[in-house]
Structures are given as structure tokens and as C-alpha cells.
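**Student:** Got a structure here, written out as C-alpha cells. Questions coming.
Please treat every number below as a calculation from the coordinates, not as lab data. Here the structure is a predicted model, which is why all the values come from computation and not from measurement. Don't worry about glycine lacking a Cβ; one is built from the backbone with ideal geometry, like all the others, and counts go over all protein chains shown.
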Amino acid sequence: MTHFILASLSPRRQELLQLCGYPYDIRAIPVDESSVNHPDPVRNCVRTAQLKAQALANSLETTHIPRSLIIAADTIVAVDGQMLGKPGDSDEAHQMLSLLRDRTHEVHTGVSVIELESGREVHGNHTAEVAMRFYSDKEIVDYIATGDPLDKAGAYAIQHPLFKPVAHLKGCFLGVMGLSICHLLQLLSRFDIPMVANMAALKKAHQQYQCPVYDKTTQKHSK
């Protein structure tokens, strides 16, 4: 049976990976993400995902689990030529949320998949265009007080039930959360892995947002 190893401690990515329908372990190891400094946010997040996946692959043996695939991801928010990762503190979170307010930005999520036994790797990126609503200064302060922004790229969670910062989205809702399962399923198909994901549950996970990546994935596997 195919077995996934998620190179991430993110509870959101762990939750999302369950939608694929395969068993998985969590085995993240620290890497120096600052060593990746490409000015292009797409290349930056893909290379960071590769760094995470390759570091974990180098630390694991290939004999204890049949057909294991390592999955790693990295998310970057880009606006005005700036790349926004996770804020270092509340002040930086406030700056990021103020910068993004009532504007459109891009969220790039790079993914790397390595087949542990063969060393074969595939990688890619999903980009979503996100338009933020005009939230008030008080809403920013109240949201930061929850502590939620401090471990999020761009200092926000699209899925937050109270803050609800996003007005419009073009792309995969799950990608903005941190891992587009729709895009990941396309990458996994290159390893000839049968798709066992519950597509109804996957669609529901997008909440009210239409996902063109989901539509394309559904069409491909319905043929």
C-alpha cells in the first residue's frame, strides 16, 4: 500500500492530507528556509518545499515502509514585489494585514513529492489570486489578539470563522490554506497512484469557493 510521509508539523496540512485517503506519518525535520532566497516567489516556495522534502528523504531509510512518498509544501504571500512569510511578532502581523487590506495579492504554494525508494521527485506550484475585504483597524487588533496570524504566511487564515478576511478568490481554497490537495492529486498521478480520495468530501472542504483545479482533477479522473 502507498504510504505518505508529511514533512510538516502544520496542523492544517495534516488535516488537508487526510483528504487524499492514504495513511501517512508526520516526520518533519528543521531546515534553514532562509537559505532559499530566490526573488521569484514561485521558485522560492518550490525550492523551499524541495529543501524540506530532500532533507527528510536523506534522513530516512528505504526498507521499513513499502512505497513511501514524502510530501512537503511551502506557502508565500506576494504583494507589491514583496514576499510575506509568517510574521515574527504582533507588530509585523499588523503591518502585513494593513498592507493586504482591500487589495488583491497572490498566494503561492510550492509542493515537492519524493518517492523514497527510487529517489524520484516531482514538484510544482499552485497560485491563487486573493482579494481581501476592507476590514477595520479594530478587526486587525482583535484578530491578532487571538494569536492565529502568527503562524500563517501573510498573517491570515482564509478559513478563520470570525475574521473572514477574503472577499474573492481565484484558485484553490485549500492552496491558500497551505496545501492544494487538488494540485497534489495531479502530481501524485505522475507516480501512477490510484486516486482513492473522497471527491465529495474534497469539494466540501473548499467551503463556498469554486476551485478550477478541483474541476480539472475531477474531469481527468472521471474519464
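**Student:** Pairs of alpha-carbon atoms within less than 8 angstrom and 6+ residues apart define the contacts here; what relative contact order does segment 3-221 have, in percent?
**Tutor:** Details: 415 pairs, mean separation 46.0, N = 219.
Once divided by the residue count of segment 3-221, the mean separation gives 21 percent.
**Student:** Mind computing the radius of gyration and Dmax over the alpha-carbon atoms of segment 3-221? Å is fine for both.
**Tutor:** In Å, with Rg to one decimal and Dmax whole: 17.2, 55.
**Student:** Same structure, new question: Could you run the Debye sum over the Cα atoms of segment 73-135, one equal point scatterer each and no solvent, and tell me log10 of I(q)/I(0) at q = 0.22, 0.27, 0.30 Å⁻¹, two decimals?
**Tutor:** Normalising to I(0) and taking log10 leaves -0.91, -1.16, -1.27.
**Student:** I would also like to ask the following. Can you give me the C-alpha center-to-center distance between segment 50-127 and segment 152-223, rounded to a whole angstrom?
**Tutor:** 15 Å
**Student:** Calculate the radius of gyration of the Cα atoms of segment 110-156 to one decimal place, then report Dmax, the largest Cα-Cα distance, as a whole number, both in Å.
**Tutor:** Gyration radius and largest Cα-Cα distance of segment 110-156: 17.7, 53 Å.
**Student:** Given K170/K204; K164/K216; K52/K164; K52/K204; K86/K164; K138/K204, which pairs have Cα atoms separated by over 24 Å?
**Tutor:** Beyond 24 Å: K164/K216; K52/K164; K52/K204; K138/K204.
**Student:** On to the next question. With a 10 Å radius around each residue's Cβ, average the other Cβ atoms per peptide and rank 34-41, 86-93, highest first.
**Tutor:** Values: 34-41: 12.4, 86-93: 15.0.
In decreasing order of mean packing, 34-41, 86-93 become 86-93, 34-41.
**Student:** Further question: Looking only at T127, T109, T146, which one moves most when the chain is put into a Gaussian network model with springs between Cα atoms under 10 Å?
**Tutor:** Comparing T127, T109, T146 in the GNM, the peak value goes to T146.
**Student:** Over all directions, the average projected area of the alpha-carbon convex hull for segment 91-198 comes to how many nm²? Mind dumping the intermediate values first?
**Tutor:** On the way: hull surface 32.6 nm².
The directionally averaged projection comes out at 8.1 nm².
**Student:** Now for a different question. Size of the dipole of the chain about the Cα centre, Lys and Arg at +1 and Asp and Glu at -1 on the beta carbon, nothing else charged, in debye to 20? All intermediate terms of the calculation are to be shown ahead of the outcome.
**Tutor:** On the way: 22 positive and 24 negative charges, 176 e Å.
Dipole size: approximately 840 debye.
**Student:** Separate question: Read phi for every residue in segment 81-90 and hand back ³J(HN,Hα) as whole Hz from Karplus 6.51 cos²θ - 1.76 cosθ + 1.60, θ = phi - 60°, with x for Gly and Pro.
**Tutor:** Per residue, the Karplus-derived 3J(HN,Hα) values read x, 9, 10, 10, x, 7, x, x, 7, 5 Hz.
**Student:** Would you mind listing how long segment 1-112 runs along its three principal axes, going by Cα atoms, in whole Å with the largest first?
**Tutor:** 49, 28, 23
**Student:** If the chain between K204 and S59 were fully stretched, how many nm would it gain, using 0.36 nm times the residue separation less the Cα-Cα distance?
**Tutor:** Details: separation 145, 0.36 × 145 = 52.20 nm, distance 3.61 nm.
Value of the extension gain: 48.6 nm.
**Student:** Sorted by average packing, counted as other Cβ atoms within 10 angstrom per residue and highest first, what order do 133-145, 94-106 take? Intermediate results must be reported in sequence, preceding the final value.
**Tutor:** Values: 133-145: 14.4, 94-106: 16.7.
Packing proxy ranking, top to bottom: 94-106, 133-145.
**Student:** Now a separate question. As a check on your grasp of the helix formula, calculate [θ] at 222 nm for the chain: sum -39500 (n - 2.57) over DSSP H runs of n ≥ 4, divide by the residue count, round to the nearest 500.
**Tutor:** Details: 8 runs with 76 residues, N = 223.
Dividing the helical sum by the residues of the chain leaves -10000 deg cm²/dmol.
**Student:** Further question: With everything on Cα atoms, drop me the angle between helix 212-221 and the longest principal axis of the chain, reported from 0 to 90° to the nearest 10.
**Tutor:** 20 degrees
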